[in-house]
Structure formats: structure tokens, C-alpha cells
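The values are calculated or read from the model by the stated rules, or taken from the named source; none is laboratory data. This structure is a prediction, so every number in the text was calculated from the model and none was measured. Every residue, glycine as well, gets a Cβ built from its backbone with ideal geometry; the counts of neighbours run over all protein chains shown.
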């Protein structure tokens, strides 16, 4: 039976009330080619802008001007340089036929611990959604999450599926973003997805990125409220 891989990251903010999960996915047979496409672009970014392929592209830091991604200090000073690279990366994801993306979200007035409960609840709905999709295509799926595995709510979501018919196999497998190019891709998608939903005037430069570059390969056609 075919196996599909999902790399998931979260976004959102207690202040805005948004809870967001985004992912990048591929069939296991296409994993090598999908990664090859990304790594070729990362190497090209080093040639053009001196951004090492091993440098962690954490979207909120990179886009907002923090850190020193390039070994060229002058390049780092320009946010427009960073925005152009972020758009190029998103375009590469959207143009790669082996890759698909997705985003689910909800908006809540909850604060503190209640907000985190909403985040856990949305993850449950995400896993159910993916499980139903996999059943419809007669596939199995594995989920890789950004993190160190200490967030117990993620395990509960997987173990809540009925074993006799579940298509999402195993618990979530956690990977630190600085070690995973796939998780960094998911992080960039989550950043674009969150700001597409938020539409804050101060982030007008990136609020259209999701629709422009990722909507065409979104598994649901657009961010999905769950």
C-alpha cells in the first residue's frame, strides 16, 4: 500500500486568537526527488546570496530581519532581500509536482492554558482529516512534527484513531527544525498560511504569499477551518 509522508508545523498567536497547522507532503517514492529539488535551491542561494545550505531558515526570524543568514553582512540588513528569498522558496515548493501542502486553522478567544487546549483540539481534527483523506486514496501516512516530543497532546491525537481502520500509522515522529529541511519547509508554509489568514496591515507584503505560491498545490484548495 502506498505511503504518504506529512511534515507538520504550527503557527498562530494567543494575541490574535489564530491556531494554525500547516504541512508539506509527498509520496514516499517522491521523497528523494522532492528533497533534491529543495537542496539544489539551497545550494543556489549560497552561490548567489551566501546563505549556507545548513543555515536554519526559521520563517518568523528570517522574514522579520533577525539573525544572520548570509555571510554577507550587507545582505542581511535588507528585509527586501529576505522577502525575495522567501518568495523564491515558496514558489519552488508550489512548482514542484512531487509536493503538496495544506493548512488548517481555527480562531478562538481562549487565552493561556485554554488556548493550548484549542491547539491540541485542532491537531486532533487535523489528524482525523488526514486519516479520512488517506482512506479515500487507499494510502497509509506518517506524520513528522517539529519539536522534541514533549507535547503529549500530539500522541493522544494519533492514538485516538480506531486501530482497525486507521491510515495514519505510528505516533508522530518529532524532528528538530534545525536538523530537517522538510520541517523548515513546513515552517515557511505555516508562516505564509498564518499571515494569509491574519491579513494584518503591517504584514501586507506577505499576506498574499500563500494564495500566490501555494494555493495551486494545497490539498484542500485553500486553508481549511476545522
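Tabulated values for the structure
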| read-out | value |
| --- | --- |
| Residue satisfying all of: in the stretch 133-167; part of a loop (DSSP other than H, G, I, E, B) and under 28 Å from residue 61 (Cβ atoms); farthest from the chain's Cα centre (by Cα) among these | 150 |
| Residue that is surrounded by the fewest Cβ atoms within 10 Å (Cβ to Cβ), among those in the stretch 50-73 that are over 20 Å from residue 180 (Cβ atoms) and touching a helix residue (DSSP H, G or I) at 6+ places or on another chain (Cβ under 6 Å) | 68 |
| Among the residues listed as 124, 101, the single one being modelled with pLDDT of 95 or more, touching a helix residue (DSSP H, G or I) at 6+ places or on another chain (Cβ under 8 Å) and surrounded by 21 or more Cβ atoms within 10 Å (Cβ to Cβ) | 101 |
| Some residue of the stretch 167-189 being over 17 Å from residue 34 (Cβ atoms), touching a strand residue (DSSP E or B) at 6+ places or on another chain (Cβ under 7 Å), crowded, with 19+ Cβ neighbours inside 10 Å and without any contact (Cβ under 8 Å) to a residue 60 or more places away in the chain | yes |
| Counted residues, the stretch 201-221 - those being more than 13 Å from residue 63 (Cβ to Cβ) and either part of a helix (DSSP H, G or I) or in contact (Cβ under 8 Å) with a residue 40 or more places away in the chain (or both) | 12 |
| The stretch 138-157: number of residues that are without any contact (Cβ under 8 Å) to a residue 60 or more places away in the chain and over 25 Å from residue 107 (Cβ atoms) | 4 |
| Those residues of the stretch 186-200 which are farther than 20 Å from residue 134 by Cβ and either under 12 Å from the mean Cα position of the chain (by Cα) or outside any helix (DSSP H, G or I) (or both), in sequence order | 187, 188, 190, 191, 192, 193, 194, 199, 200 |
| Residues within the stretch 168-185 that are part of a helix (DSSP H, G or I) and at pLDDT 95 or above, tallied | 5 |
